[in-house]
Each structure stands twice: as C-alpha cells, then as structure tokens.
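Okay, structure first, notes after.
The values are calculated or read from the model by the stated rules, or taken from the named source; none is laboratory data. Predicted model only: the values in this text are computed from it and were never measured. Methodologically, a virtual Cβ is constructed for each residue, glycine included, from the backbone with ideal geometry; neighbour enumeration extends over all protein chains shown.
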Amino acid sequence: MGKKSKAKNLTDAICRDLPRLDKDYFKPGDYPGLEFWVRAGGTKAWRFQYKIKGKKYQQRKTIGKYPVIGVVEATKRAKELSSKIYNGEDPKEEAKLDILNMQLGAALRSYYQEELTVVNQYSIKTIQGIKGVFGPWVFRNTYDTDILNRLSKTEDLQYKKLSSIKPKMFKSLFNVVSSRSPIQANRLQSYLRKFWYDFVKTTDNPFFLKKKYKNTENVYLDFLDKTELPRVMKTLVRIDDRSGRLNYNYYNENRLKPVSCLLLAFLLTTGRRLKEAGSLTWTRYTQGEKPRIHLAKTKTSKKNNKLVFKLGEEAVNILQLIERDRLNNPESSFYFPIGDERNKYIFPSKAYGRKLKGKVSKALFVQDPGATWNSVLKLSGVQRHMKIHSTRHSFATNFYRVTKDLKALAEALGTTEEQASKYAKLDGEPVVEGINKIKFFDDEKPILKQVN
C-alpha cells in the first residue's frame, strides 16, 4: 500500500462532470484502492478496495456519496481505512457494528436519503407509499388518536437500537397495526424487512415474519379479457395508414401522451413490470432473428438469474414504430436532440428538467403513465378502475388461455410456476409462440408499412 497511484488526479470538477452511462463504471482515485464510482442510475460515490488477510477475494467499502464527500475528504478517509486494515481491522465489520448501533428511526432516515430515492429507480408513488406506512406506525407521526392509543400498548421501536430489536417486539407492533388495518400491517412488515436487507444487510432480520402469521389479503384479480384487450390496444396504438408512423393527430385529439401509450402497449404485449419496461435503454434491446430484452434487474433477481426475455411480434412492432420516429422526426414525442440523455431510453420523458409540483423533474424516462392509463380505459369502454399492474395480469391470463402452458408462462414472466398461476387466474409451447397467439388487435389491426 506504500506505492503511489499513477492515476490522473481526480478533482471535484472532473468528478462533477463525469457522465452516467448504461452501466456502472469507476475512475481510480489518488490513493491506492480509492475508486470513484458512477452508477447507471446517476448516483456517484467513493469506494475503497482492499484485501484482508485470510480472505480470498478483494473487498470494497463505500466511503460516502458525492458531492457530500469531496475529493479531499475521500482521500483522507481512504488513508484512515488503510491504516486500520494494516492493523488487522476489517472496515466492513466495523461498519456493520456502526449500523447496528443506530436507532431504528435514525437508520430509516438514512435509508430514505441513501437508498429510497428516484435516482435509485424507486417511483415517487412507491416512496410515498413506504413513508406513508412508516410515518404513523414507526415514527408515530400522526394526529389520529385511535392510532396513538393503539401504539401506546406496544414499545416505541424508533428509539431502539437495531441490535436490540427482537422478533417478538416487532410481532407485538404487527398485532397492534393489524387490529386497525391488516393490510397496513402486512405492508409494514414487508417494508421493514426490505429495509433491513437493503440497509442493514445482516441475516438476523427481526422483521421477517412467517407466512402463517401474516394477514390474509384479497389477491388483485382484475385483467383485460379477450374482448377488452383488442379495444385497449387499438386505443393505445394508432398508426397513420399513409406514413406507417404514429398518428399524432389522433393522440392530440384524444389528449393522450404517445410515449405513455406505447409504454402501456409494451407492458400488455410483454407482461413486464412498469419499472422494468419504463427504464429500458436501447442498448438492452437485441434485434434480429430472436429479438429480446436484457434487464438490469427484476423484482425477483435475488431469487433467480433470469434477466433475458424474448419478445413477440407485437412487442417488436411497437419498438419499430418508436425507432422510425426517434431519430428523424422532430415532431415526434420520442425525438430529442443529439446529446440529450433521454435518447438512451426507449420510453423517454418530456417532463425531464421541468418544474413539477415545485420540484424539477429528474426522470429521464416515463415512470407514471397512470393518468394516460385511466383515459385509455375510458376511451376503450372499460368503465371500472384498474391498476397499471393489471397489464401484467392481462398478459398472463391471456397467455395461459391460448397455450395452457404454465411452464412457458413462468418463463415469459420470469417467476415460479406457482406465482405464474396466480397471475394467470387459471379459470407446453415455446414462449414466443405463446405470446404471438394472443389477439392484441381486432381484425382491423393496422399493418406497419416499410418506410425508407
């Protein structure tokens, strides 16, 4: 560790200007082992790589996020860590102890700042939902006397050190919340369990609760049936017969956002989750004889390694429609000037950089097409309210009804067969054949023309 780094000096100006790419990358710092990482999501952080005697592989420890931690402070911390490692201390073990000595309330606030952010691809609704559960039930931030009276019967966990929280303590809180709202109790357990795995990262998670102790919830069952699906798809995808491109007059007349519409159509034709599809970049789409998408991660990435998903004809048609517009049609909603970061994304957001609700939008891609979804349902004659997640249920149900192949459906969704059966509502053949058997459009389906 006594050798000097030959790396070019990193200054705050250089760190500030380093662009984000489609994948994570780092630049070496001015002290051996110090690294400046730029995440695909846009966050920047300092990490220190080191070797511990007795351990086979190199270790890495996060020093801090940039710009909170600048170049000078990062170098100073790297030197301090190097000294500790030389004396036989493992920084990761020390960090675990530091975290476990934090109170739950303080740890959750740090979790809000470091993990639960839009930059880390959490939607605004998800962030609000998690904070909306922690607010009254952990922080007791409420004027509802009924909730406060119920909470008075159990320990106030927000002031407990993480290392002192036991499963029985949480079980007591869970029962109190259940007495008011069984669904809120389930959400509280799920969010706290995730917080522990993502932030604390130790195996002794006190918020883990066996399935038999959880409250029974009604499973979301709504989906578009075989008559509704073609109507909705026809509302989402409207093509000009003369040009073979999107009919922008139609979208303007009906006050529909073309990018949101095609994102929703892509969800229906692939069964992907909103976050997975919305954040797709063009580099993650492979064309050719076997078109497919490569996801950075899925909701079940920790349980299985499936990140590559084949695409059916209609999904490919949607992507081809976008490709025709995005590079040579300045009037298109998918078109942005060369150099604009939104060009990387298949479903770019026009709201980026605009002031919305008092804040400047940092979303480079569409994250919440909810308003468009509601309008599309009404225009299609579907009068009931449906969640966007019903697009995945609709894909699964219609897929299974035309294939009767649960294994292929599980492969298409990237889930277990048990979970796939829940999506499909259950009232084989290859995945792509199954997708192509779904009737997304009626007999008047527009035919894409070849446009040079």
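When we screen I322, I338 for residues that are closer than 26 Å to R20 by Cα, in a loop (DSSP other than H, G, I, E, B) and β-branched (V, I, T), the only hit is I338. Among the conditions (1) over 30 Å from S190 (Cβ atoms); (2) surrounded by fewer than 18 Cβ atoms within 10 Å (Cβ to Cβ); (3) not hydroxyl-bearing (S, T, Y), G312 misses just one, which is (2).
Just so you know, in region 266-292 the residues that are closer than 15 Å to E323 by Cβ and in contact with a helix residue (DSSP H, G or I) (Cβ under 7 Å, 6 or more places away or on another chain) include one that is surrounded by the fewest Cβ atoms within 10 Å (Cβ to Cβ), and it is W282. Filtering region 32-64 to residues that are of a type in the set (S, T, Y) and more than 22 Å from D98 (Cβ to Cβ) leaves only Y57. If the condition is being at pLDDT 90 or above, charged (D, E, K, R) and over 18 Å from F440 (Cα atoms), then region 294-340 contributes only E323.
A quick yes/no check of all residues on (1) closer than 24 Å to G105 by Cβ; (2) in contact with a Ser or Thr (Cβ under 6 Å, 6 or more places away or on another chain):
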site	(1), (2)
D146	yes, no
N175	yes, no
K210	no, no
L224	no, yes
E228	no, no
R238	no, no
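Yes or no, residue by residue, for (1) in contact with a Ser or Thr (Cβ under 9 Å, 6 or more places away or on another chain); (2) in the same structural domain as Y111 (by TED's automatic domain parsing); (3) among the hydrophobic types (A, V, I, L, M, F, W, C); (4) part of a strand (DSSP E or B):
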site	(1), (2), (3), (4)
D22	yes, no, no, no
K27	no, no, no, yes
D30	yes, no, no, no
G42	no, no, no, no
A45	yes, no, yes, yes
K53	no, no, no, no
K56	no, no, no, no
K61	no, no, no, yes
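Quick one: is L256 under 21 Å from M386 (Cα atoms) and either among the small types (G, A, S) or part of a helix (DSSP H, G or I) (or both)? No, not satisfied. Per the conditions (1) small (G, A, S); (2) closer than 24 Å to Q128 by Cβ; (3) more than 24 Å from the chain's Cα centre (by Cα), the sole criterion not satisfied by S190 is (3).
I need the full set of residues from region 131-156 which are of a type in the set (K, R) and farther than 17 Å from I183 by Cα, in order please.
Within region 131-156, R140, K153 meet the criteria.
Given (1) among the small types (G, A, S); (2) assigned to a helix (DSSP H, G or I); (3) at pLDDT below 85, where does G88 come up short, assuming only one miss? Evaluating G88 over (1) among the small types (G, A, S); (2) assigned to a helix (DSSP H, G or I); (3) at pLDDT below 85 leaves (2) as the failure. For region 91-125, taking the residues that are modelled with pLDDT of 85 or more and small (G, A, S), the one that is surrounded by the most Cβ atoms within 10 Å (Cβ to Cβ) is identified as A107. Exactly one residue out of I165, I147, I130 is within 23 Å of the chain's Cα centre (by Cα) and of a type in the set (V, I, T): that is I130.
Considering (1) part of a helix (DSSP H, G or I); (2) surrounded by 13 or more Cβ atoms within 10 Å (Cβ to Cβ); (3) at pLDDT below 90, the lone condition that S83 does not fulfil carries the number (2).
The residues of region 235-257 that are hydroxyl-bearing (S, T, Y) and either under 20 Å from K378 (Cα atoms) or outside the structural domain of S375 (by TED's automatic domain parsing) (or both), listed by number, are T235, Y248, Y250, Y251.
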